[in-house]
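Please read the structure below before turning to the comments.
The values are calculated or read from the model by the stated rules, or taken from the named source; none is laboratory data. As the structure is a prediction and not an experimental result, all values here were calculated from the model. Note that each Cβ is placed from the backbone with ideal geometry, even for glycine, and that neighbours are counted across all protein chains shown. Just the protein is used for accessible areas: all its heavy atoms, side chains included, with ligands, DNA and RNA removed. Shrake-Rupley method; radii C 1.70, N 1.55, O 1.52, S 1.80 Å.
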Amino acid sequence: MAKASELVTLTAAQMADKLKKGDISSRELVEAELQTIDSAEPTLQAFLARSSEEALAVADDIDTRRAKGEELPSLAGVPVAVKDMIVTKGIETTAASKILEGWIPPYDATVVTRMKNTGMPILGKTNLDEFAQGSSTENSAFHNTYNPWDITRVPGGSGGGSATSVASFETPLALGTDTGGSIRQPAAFTGTVGVKPTYGRVSRYGAIAMASSMDQIGPCARTVEDAAMLYDVIAGYDDHDSTSIREILPSMTAAALQGKNQDLKGLRVGIIKEATGDGFEEEVKNNFSEGIKLLQNMGANVEEVSFRHFLHGIQVYYVVMPAEVSSNLARYDGMRYGLRVMPPADVPQTAANMMAYTREAGFGAEVKRRIILGTYALSAGKYEEWYGKAQRVRTVMIQDFNKAFKDFDVLVCPTAPTSAFKIGEVEDPATMYRNDIATIPANLAGLPAISIPSGLDHNNLPVGFQILAAQKNDELMFRVASALETAFNKKWGAPLWAQLKTPWLDSLSEE
Amino acid sequence: MSEKLMKFSEAIKRFDPVFGLEVHVELNTNTKLFCPAHYEFGGDPNTELTPVSLGLPGSLPVVNKQAVINAVRLGLALHCHVNEWSQFARKNYFYPDMPRDYQISQFDKPTNGEGYLDVELEDGTTFRVPIERAHIEDDAGKNTHIGGADGRIEGADHSLVDYNRAGVPLIEIVTKPVIGAGEHIAEIAGAYVKEIRDIARALNVSNGRLEQGNMRADVNVSLRESPDAPLGTRSETKNVNSFRGIEKTIIYEIRRQAAILADGGEVLQETRHWDEATQTTAGGRVKSDANDYRYFPDPDLIMLHIPPEQVEEIRATLPEMPSHRKHRLQEEWGFSDLEMRDVLNANALDLIDSTVQAGASAAGSRKWWLGEIMREANEREVSIEDLPITPENVAEVEKMIADGKLNNKLAKQTISAILQGEGTPSEVVEKHGWKIMNDDSAIEKAVDEALAANPDVLDALKSGNMKPMGVIIGAVMRATHGQADAKTVSSLIMKKVRS
Amino acid sequence: MSTFTKEQMKHIGDLASIALNDEEIDRFLHELDSIAESISQMQDIPTDNVEPTTNPIAIEAYLRPDEAVTPLSQKDAIAGAPVSEAGMFVAPKILGEE
């Protein structure tokens, strides 16, 4: 019997392999992760809710079926955590908002159904910025989540909970949602791998909507191969989502495995000039350059490419996103689910006032700020100048990308301008928004993008390397990311996460 | 409460009235517009919902193909241009019966663009109503107001919300401002909505039942000094749900606005509603700044693409249009204009057509549907198609008469028994043992008995006073349970009297 | 130059159905001004004859067949309701005292 700390530091692929061989049971794995969660949560607070009993029931079911000789999918029995932006039947789903506190959904998101069909035990729901709005997880209505590399720092956001849970070995895999970088930026801040698939590759059915034209569910993992395995489970056509792409997908796992042979001869790599200049920390840029050298060593042709409108992405995003937010979040009105707050006694006790006071009390400051901004962007007389203009500039940006992908197979840049900042350090919204400058364009253009660790800075904080591919070319992105990850690991002698201090694992009991 | 009104005839003389209608037609698809929940009028509250129609977090809309096809069918029947590309847009506003607090509708890219509908007036002339668009949108749920008088929203303490209807597909048919209607304005509006109802039924895209909320109209009315003046300020009377209500709303609004304008006042641009009880429209309660709907294309949905070939395929499936059919049937049946109008007013066209197709004569069919059956419907306060009698039943009765199996009186009794739910004509006749008595000796016996029982009547008849003859006929009919032929009875009586 | 006025902010609060308090109005006024200024930079990008993007990916609309699925039970439908009565959701009175 293996020690719990040894089990939880396996990759998902290794877990899957050991399960298949019968070396370990799913119950052992889930119990080891639950122990880790018990031990780590007081410090890290990555989870909002746990579903231990459900997870163990699934684990036992898988163990029984495997014992009977049933042919099972690769990830059967491998546990997973789910960002609390994704609807889980029978498990409280809050979007980290007071307005939805206590809501028990009567249905599962398509991705959750797919994971259940695969036999993956769901450990619980992870923390996030309220309604996925933020870049630090400080906007959660319930509590902060702390970066396992330095608990005085944020884990990034909005998916700080999923990134932290994966980084700290509370789970090998987690689901995130990425509207402007909410999977990739936390991955960069926590030294993990985060993937935003091509828009339409993963069903949004059951992902609580933030900005519908950019939201995409994706995997969080410690390795590119693990992320690819989870991608293969959750992706594919779904007729519950009108924006779902109706095509058969190649295997991302196969692409990731292919990447491990480190052959990138002839690969045309474009460095996004605008995402390597002003506002990006020197150490981030140096780390990035290391990655570029490794790509060149593997035979890639690397060139700088300029995007005239890249830096306008953040302006476009901060019109389109709040506009969609203002409409998507209208349904939280105190009528059908969640919070209801009646107006004070001196205000007429009407339905309209109930709604207005419910929303005033139930939403946090950042969510209100975006709803107000978005409402303004869509309002009479402002629509063309704001929303209309932004969606046209968005088209121009997409055209820029289309042009670039004629000359380049992938585009690269640092995932975020800085490493993890201190909790409470960034207060000004505009400064916080600039954190997403390198991740937003992929969402605007519907491109697949991945962040992998590219080293540590002088504070011993991880830095992320981002790879973008053309729409529906996710497999190339996985292959290149896997090659680069392999090269980094060879250079470091071990994966980056081997350098993480994990006191919460030391106290785990031996099985 | 009572507002100043000008006489309609005077108002029409002094002002040029303009109206516009937004007619909502509820489609009769099996499932809703954006989710696969079945909807049926009168279901238990909140039992016809999926996460989508309840607006649960994470749920997403997916368009019902049949709803789009039905929308295009209706659009084509209204001579609309079907746009190759159309788009759903969100109309944002907060209301308790809106599960998402936005309606999914169409804005600048409707599926059906400009069209028109010709309506026929009672004087035989035709008026063309210009149509701006016919777009697709989803319906809201239903509020039941508790604590006020008669379930009214005014004075209610709270409301109960049933979201079953939320998501049911609607086609909103919007006219351009209808000008030049003059004194026929109300008739034109009513005839236009009736024509849409008939078309929707002929296409089988809607049940077209106004009383069940399948159709309702927003009525816009404005006045101007003269036909060459710019359009005046309009009032919008919401959710009028009967033909008479639509006509009366227009007349009331013309009279009300004329009185205001004649006094030098200004008509408010406002939302009003028609009050059936007081036969008036009442002023708005919606805040004027609340109608910034912030339309934007719904990012959850992809543009609809309906290529011209597909439009032509759909066009090829359209049935004969009701107005054409009316003229054809009138000619085939040989009905006068007046007879035809009665048929149409009674909503009996389809029923008579089916009855004729089942083998009955047109005149005979009309007689039954507009006679006995209509009387029963009026008594029960239901429409004739809701009575438990079918065109086949009526045709069978007609055949029995033609075959000499029933006389008029027995036929009436048979129809009446069917209406009481006693079964098909043959079942009813069999059950009661009704048949025309061809046996003269039995009738003669009954006549003898009747005359013997009424010697004074016999005397009167013999003296040439024929007035009390009915007494004897009645007695004979009673004795023969109505199965005797009345003509035979009276000739037999005369024979006896003269003998 | 200020893009937003206090009155406007209140009006937007009404449209968004959020009963903003005075402190929030002042704060958002200030913050949104700076966001609006940053956003104004995109006005210089020429976009004549450029179609707006609604969905970033080109796909044909999927139209679903008109076939019904099993609906939610009434119990599940109203399970989350803050207030319910007789299988229905309860709204406070819709009209106020005017």
- Task: Could you grab me the full set of residues in the stretch B:108-147 that are over 17 Å from C:A86 (Cβ atoms), open to solvent by 10 Å² or more (accessible area, probe 1.4 Å) and within 13 Å of another protein chain (Cβ to nearest Cβ)?
- Result: B:D108, B:K109, B:A140
- Query: Residues B:D448, B:D456: which one is part of a helix (DSSP H, G or I) and open to solvent by 70 Å² or more (accessible area, probe 1.4 Å)?
  - Reply: B:D456
- When residues of the stretch B:248-282 are filtered for being within 23 Å of the chain's Cα centre (by Cα), exposed (fewer than 15 other Cβ atoms within 10 Å of the Cβ) and within 13 Å of B:N220 (Cα to Cα), how many remain? 0
- Looking at C:G87, C:G80, which is the one that is open to solvent by less than 30 Å² (accessible area, probe 1.4 Å) and touching a residue at least 12 places away in the same chain (Cβ under 8 Å)? C:G87
- Exclusive hit being in the same structural domain as B:E276 (by TED's automatic domain parsing) and under 25 Å from B:R234 (Cα atoms), set B:I146, B:I173: B:I173
- Has the stretch B:293-305 got at least one residue that is open to solvent by less than 70 Å² (accessible area, probe 1.4 Å), away from chain A (no Cβ under 14 Å) and aliphatic (A, V, I, L, M)? no
- Tell me which of these B:E40 doesn't satisfy, since it passes every other one: (1) assigned to a loop (DSSP other than H, G, I, E, B); (2) at the interface with another protein chain (Cβ under 7 Å from one of its Cβ atoms). (2)
- Message: Kindly evaluate B:S361 against the criterion of being open to solvent by 30 Å² or more (accessible area, probe 1.4 Å), hydroxyl-bearing (S, T, Y) and over 25 Å from B:E211 (Cβ atoms).
- Response: yes
- Total residues in the stretch B:1-32, condition assigned to a strand (DSSP E or B) and open to solvent by 60 Å² or more (accessible area, probe 1.4 Å): 0
- 2 or more residues among the small types (G, A, S): qualifying helices (runs of 4 or more DSSP H) within the stretch C:1-83: C:22-39
- Conditions (1) within 29 Å of the chain's Cα centre (by Cα); (2) facing another protein chain (nearest Cβ under 8 Å); (3) at positive phi: number failed by B:G55: (1)
- Task: Give the residue that is farthest from the other protein chains (Cβ to nearest Cβ), with candidates limited to residues of the stretch B:155-178 that are in a strand (DSSP E or B) and within 30 Å of B:V18 (Cα to Cα).
- Result: B:V178
- Looking across the stretch A:313-361 at residues that are among the aromatic types (F, W, Y) and open to solvent by less than 20 Å² (accessible area, probe 1.4 Å), the single one that is farthest from the other protein chains (Cβ to nearest Cβ) is A:Y317
- If you scan the stretch C:64-98, which residues turn out to be in contact with a strand residue (DSSP E or B) (Cβ under 7 Å, 6 or more places away or on another chain) and within 10 Å of chain A (Cβ to nearest Cβ)? C:R64, C:I78, C:A81, C:V83, C:S84, C:F89, C:V90, C:A91, C:P92, C:K93, C:I94
- Item | Any pair with Cβ under 8 angstrom, 6 or more apart, that starts in the stretch C:25-46 at a residue that is facing chain A (nearest Cβ under 8 Å) and ends at one that is surrounded by fewer than 17 Cβ atoms within 10 Å (Cβ to Cβ) and outside any helix (DSSP H, G or I) | C:L32/C:T3
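Residues checked against (1) in contact (Cβ under 8 Å) with a residue 40 or more places away in the chain; (2) in a loop (DSSP other than H, G, I, E, B); (3) at positive phi; (4) within 23 Å of the chain's Cα centre (by Cα):
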| site | (1), (2), (3), (4) |
| --- | --- |
| A:D17 | no, no, no, no |
| A:K20 | yes, no, no, no |
| A:T43 | yes, no, no, yes |
| A:L56 | yes, no, no, no |
- Note on the structure: So, first residue within 14 Å of chain C (Cβ to nearest Cβ) and closer than 29 Å to A:S212 by Cα in the stretch A:244-267, second residue open to solvent by 40 Å² or more (accessible area, probe 1.4 Å) and among the small types (G, A, S), Cβ within less than 9 Å, six or more apart or across chains; the pairs are none
- Query: Which one is surrounded by the fewest Cβ atoms within 10 Å (Cβ to Cβ) among residues in the stretch A:362-393 that are within 8 Å of chain C (Cβ to nearest Cβ) and outside any helix (DSSP H, G or I)?
  - Reply: A:S379
